[in-house]
Amino acid sequence: MPDGTTAGIPRVATEGVTLRHRLADGATMLMVSALALLLLVYVGYGAAHQRYTRYILSGATTQGEIIRSTLEASLRNGLALNHFVGFGTLARPIIDAENGIAGLKVVDRTGTALFVADDSKSIVAKSVLAARGRHASDAQGASDLVWGDRYIVVVMPLHDRFERVGHLIVSVPRADIDVRTRRAFEPLILCAVGLSLVFAVGAAVLSRAARRSWLPVGYAVIFVAMATLVTGTMIVLYSEGTAAKTNASTASLAQRLKDIPGFNLNFDQFDGIDEVLGEYKRLDPDIAGAALIVNGVVHAHTSPDRVGQAWAADARSFEYVIDISNSAASVNRIKVAVAVPRQVVIGEVAGSIRDFAALFIASGFFAGLFFRFAGIMSDRSAGSDLAPTDERVAGRALELARPLFFLAVFVEHLNYPFLPQHVLSTVGAVAGPGSLSASAPFAGYYLAFALALIPGSCACGRFGSKRLVSWGLLVAAAGLMALPLADGLATLTIARVVAGLGQGLLFIGIQSYIVSLGPASKRTQGAAIIVFGFQGGMISGTAIGSLLVGYVGPAGVFALSAGIALTVLVYSVILLPNDRPRRVPDPGARRGPAGFVGELAQVLRPGDFLGTMLLIGIPAKAVMTGVVLFGLPLLLAKRGYSSEAIGQLIMLYAIGVLVTSEWISRVVDRTGAVRRVLVWGAVLSGIGTMTVGATGDPEPAGAAFGELACVVAGFGLLGIAHGLVNAPIITSIGETAAARRFGVESVTAAYRFLERIGHVLGPIVVGQVFAGGGQTSASVAWIGLGLVALALTFVLCHGLGRRPSPGMAAR
């Protein structure tokens, strides 16, 4: 191949492969494969740690509810809290069950400890109660989580018939969760290193022809193998967690009942056994049933129709049985059994695999990027043995821009899964809650991005694209570093404006770099770098950002984003080739800002250009920034969706755009039905928005299946819809009367600038809708209805005609 690579595969010298080159290629492949596999292990560990932590805390809350239920039953009967007898006996089975709970403590209203079990002695109750904050709830049945440096604490108010009289504190050591998760994943590090060594040896010993054929296959095989090992580790981890949680419930139930056979009493002499079993099932929603079994016959059961029947194991459930007979020699064999549906465990595993699948895709983008980069570096190392043609050098320069733009988009989108909630919480804490105020930082970012394009184009012609890329990365990093320091609406908006300026300068710099250094034969590959970088960076950033925020918090993610931006800046300075300042084919650079504005005035005359822009282009961009990236994350967070789930939905949208764009561009080029495709995209955009709006407004208690299906379908439809619009609308703009008059290049550049109006208006419009109608599904549905109306207006004004002629499309 003339560019020295074959789909990113390292190329070797045409005159033979020397030992030095083999060793260099082997070392390069070792580094690249190890980075890719270790990243996969890390994101798998992160996803498993987050979900396992939630699972352990869910179990701790359930076990705390069992203790609280027993305590409050005595309190409602008039017994003072400090007179309760048997707390240690009640708590011991829960602590011994190895379900993550290290200690239990009961305190009075002042925070003074009344009863303590094990490790809770080190928990300062008054500090924990103070850390709950002003939003803590003391209502009956409520509970709060307090995240400390060493412990995660579940705080549960205790009530008698009239008021709150104290708290139950359940402590879960963070170190225990860390150690258990780390122990499960440590062997995978050795597996990753081993697979990388095998791949590197293969890369070093294979012949030139075999290497081109088998390196991509081998790389994919080790990546999938590593993903399979990570998935298996997650399954084992969650299965153990389920077992520990249910064993704790079974042991606690057995503890409450074993005194009856212990004193040689008969269960027939006691009433309320059914109620005790029913209470356990009510407090632990994962339990399918609980039973008391005497001599193999069901004596009591949460399902009354099972009473009197012989006990038989249910293949559909995991069953945990404890013998509470008085002694091994006892005539009566008495057992307590608790059943958990297999579907519960499968659901947890499926949820973890869903989380990991999103991260697997993000890691896959990085793996492909690493592999391409290795190909370029390998080609550079063999450069002395290759004929130094201009086309090969230009192709290498293009490939060097791929990781740069990908990572630049990646660092921006790392923040998107949680940025709307972070902004809203900061604005609410300082200036009172309000979606309209929260939209200002987002509108400011996109406005700054758009305004940076014109001076950026002029700067490219004077200073060169490499220097502009470096400036953009530096300014974007400054905006990201300012975010953790922002404590109000004004400072947040300023930080986002700075980041928008940086990203705008970077975008125009990369675009000019591709135009100035890319040969004519590789212009399509240059455009693919922009598409891959934006969509791939968006997918990877939202997936990994939703994972990282649970570890390091928003401030940590902001700092990491800035650090990566500065690292990419160093990459650009060292590896990007210098380009001489030249005048790029952009109207802003050719005639300066005044000439560009004058040309915009000429273009913005009534006609098909204006109609396409106002009715299709700008609404599509407004939906992306206002609905997908701002409005829906706020709405879903209000309903109880996690940052991971929101990040995965945004990723689903980006995948829809990426896949649909690849397919529809070929369809439009073949059929010429560009307007028909645009109308379908606009209509689907409205339908997708209305689909999310059709979910209703339940209380924030998680997502029911029907609601989740609508949300997933809505995001998927929005991605498909914008994939139908993004590429075809450029073709449509090139076929307008304005393009025939002023030239396709000038009009396309004008449209690229004007479509940024949609980026700016999106958060403002959605913020206005939310401010007037509230953060409700109905507000979102009305936005969708308006999008459909705009699409129908476009049909009435401009019809669905096909491309006028193939020659026109070429122009």
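The values are calculated or read from the model by the stated rules, or taken from the named source; none is laboratory data. Since the structure is predicted, the reported quantities are computational estimates derived from the model, not experimental observations. Please note: Cβ atoms are built from the backbone with ideal geometry, for glycine as well, and neighbour counts cover all protein chains shown. Surface areas here come from the heavy atoms of the whole protein model, side chains and all, with no ligands, DNA or RNA. Shrake-Rupley method; radii C 1.70, N 1.55, O 1.52, S 1.80 Å.
Once phi is turned into ³J(HN,Hα) by the Karplus curve 6.51 cos²θ - 1.76 cosθ + 1.60 with θ = phi - 60°, what whole-Hz value does each residue of segment 407-423 show in order, with x for glycine and proline?
Karplus values, whole Hz, x for Gly and Pro: 5, 5, 5, 4, 5, 5, 7, 4, 8, 5, x, 10, 4, x, 5, 5, 5.
Given 0.36 nm per residue, what is the gain on full extension from LEU796 to LYS126 after removing their alpha carbon distance, in nm?
Numbers: separation 670, 0.36 × 670 = 241.20 nm, distance 6.84 nm.
Contour length minus the Cα-Cα distance gives 234.4 nm.
For LYS126, go through the lysines and keep the ones whose alpha-carbon is under 20 Å away, minus same-chain ones fewer than eight residues off.
Correct list for LYS126: LYS105.
From the phi angles alone, apply the Karplus equation (6.51, -1.76, 1.60; θ = phi - 60°) to segment 451-460 and give each ³J(HN,Hα) in whole Hz, x where the residue is Gly or Pro.
Computed from phi, the couplings for segment 451-460 are 5, 6, 5, 5, x, x, 4, 5, 5, 4 Hz.
Taking the Cα centre of segment 252-354 as origin, sum charge times position over the Cβ atoms of Lys and Arg (+1) and Asp and Glu (-1), and report the length of that vector in debye to the nearest 20. Kindly include the intermediate steps, with their values, before the conclusion.
Details: 10 positive and 13 negative charges, 63 e Å.
My answer is approximately 300 debye.
Testing the spin-label approximation: label points 7 Å from Cα along Cα→Cβ at ALA490 and HIS83. State their distance in nm.
According to this spin-label approximation, the distance is 6.0 nm.
Give the Rg/Rh ratio for segment 300-360, taking Rg as the radius of gyration of the Cα atoms and Rh as the Kirkwood radius, to two decimals.
Result for segment 300-360 is an Rg/Rh of 1.21.
Cα centroid distance between segment 258-293 and segment 753-788, in Å?
For segment 258-293 versus segment 753-788, the Cα centre distance is 55 Å.
Counting only protein chains, not ligands or nucleic acids, how are LYS245, LYS638 ordered by accessible area (probe 1.4 Å), most first? Walk me through the numbers before you get to the answer.
Working: LYS245 15, LYS638 110 Å².
Final ranking, largest accessible area leading: LYS638, LYS245.
Using 0.36 nm per residue, how much length does the chain from LEU785 to ASN332 gain when fully extended, once their Cα-Cα distance is taken away?
Details: separation 453, 0.36 × 453 = 163.08 nm, distance 6.93 nm.
My answer for the length gained is 156.2 nm.
May I ask you to compute the full-extension gain from LEU38 to SER425, defined as 0.36 nm times their residue separation minus their alpha-carbon distance, rounded to one decimal in nm?
Here the answer is 135.8 nm.
Give me a comma-separated list of calculated 3J(HN,Hα) values for segment 631-646, in order, Karplus coefficients 6.51, -1.76, 1.60 applied at θ = phi - 60°, integers in Hz, x for any Gly or Pro.
Values, residue by residue: x, 5, x, 5, 5, 6, 5, 4, 7, x, 6, 7, 4, 4, 5, 5 Hz.
Give the carbon-plus-sulfur fraction of the accessible surface of segment 17-100 in %, rounded to a whole number; probe 1.4 Å, heavy atoms of protein chains only. Display every interim value, and only then the final one.
On the way: 2000 of 3240 Å².
The computed percentage sits at 62.
Take LYS258, LYS105 and sort them by solvent-accessible surface of the protein heavy atoms, 1.4 Å probe, largest at the top. Don't skip to the answer; put the middle values down first.
On the way: LYS258 90, LYS105 15 Å².
Highest to lowest solvent-accessible surface, that is LYS258, LYS105.
What number comes out for accessible area per residue over segment 141-263 if the probe is 1.4 Å? Units Å², please.
Numbers: 5310 Å² over 123 residues.
On a per-residue basis, 43 Å².
Suppose each label sits 7 Å from its Cα in the direction of the beta carbon; what would the ASP176-ARG306 distance come out to in nanometres?
My value for the distance between the label points is 2.8 nm.
If packing is taken as the average count of other Cβ atoms within 10 Å, what order do 400-408, 157-165 fall into, highest mean first?
Highest-to-lowest ranking by the protection proxy: 400-408, 157-165.
Quick check of the Kirkwood formula: for segment 160-319, what is the inverse mean of 1/r over all pairs of different Cα atoms, in Å?
Details: mean 1/r = 0.0472 Å⁻¹.
Averaging 1/r across every pair of different Cα atoms and inverting gives 21.2 Å.
Spin-label point model (7 Å from Cα, Cβ direction): what's the ALA778 to ASP669 distance in nm?
Going from the ALA778 label point to the ASP669 one covers 4.8 nm.
Based on the mean of other beta carbon atoms within 10 Å per residue, what is the order of 216-229, 725-738, most packed first? Let's see the in-between values first.
Working: 216-229: 17.2, 725-738: 22.3.
Highest to lowest by the protection proxy: 725-738, 216-229.
Can you pull the percent of segment 157-306's accessible area that's carbon plus sulfur, 1.4 Å probe, other chains left in place?
Values: 4090 of 6790 Å².
Its accessible area is 60 percent carbon and sulfur atoms.
Once amide H atoms are placed 1.01 Å from N in the peptide plane, what residues at a sequence separation of 5 or more from TYR151, or on another chain, have their amide H within under 5 Å of its amide H?
Hits under the 5 Å cutoff: ARG174.
Residues of segment 68-87 with the amide nitrogen closer than 18 Å to a label point 7 Å from the Cα of ASP271, along Cα-to-Cβ, please.
77
Determine, from the Cβ-Cβ distance of ARG22 and VAL193 and an R0 of 22 Å, the FRET efficiency 1/(1 + (r/R0)^6), rounded to the nearest 0.05.
On the way: r = 20 Å, r/R0 = 0.93.
The pair ARG22/VAL193 has a calculated efficiency of 0.60.
Could you compute how much accessible surface CYS710 exposes when probed at 1.4 Å, giving the result in Å² to the nearest 10?
40
Between ARG740 and THR110, what is the FRET efficiency for a Förster distance of 60 Å, r being their Cβ-Cβ separation, to the nearest 0.05? The partial results should precede the final answer.
Values: r = 82 Å, r/R0 = 1.36.
E between ARG740 and THR110, to the nearest 0.05, is 0.15.
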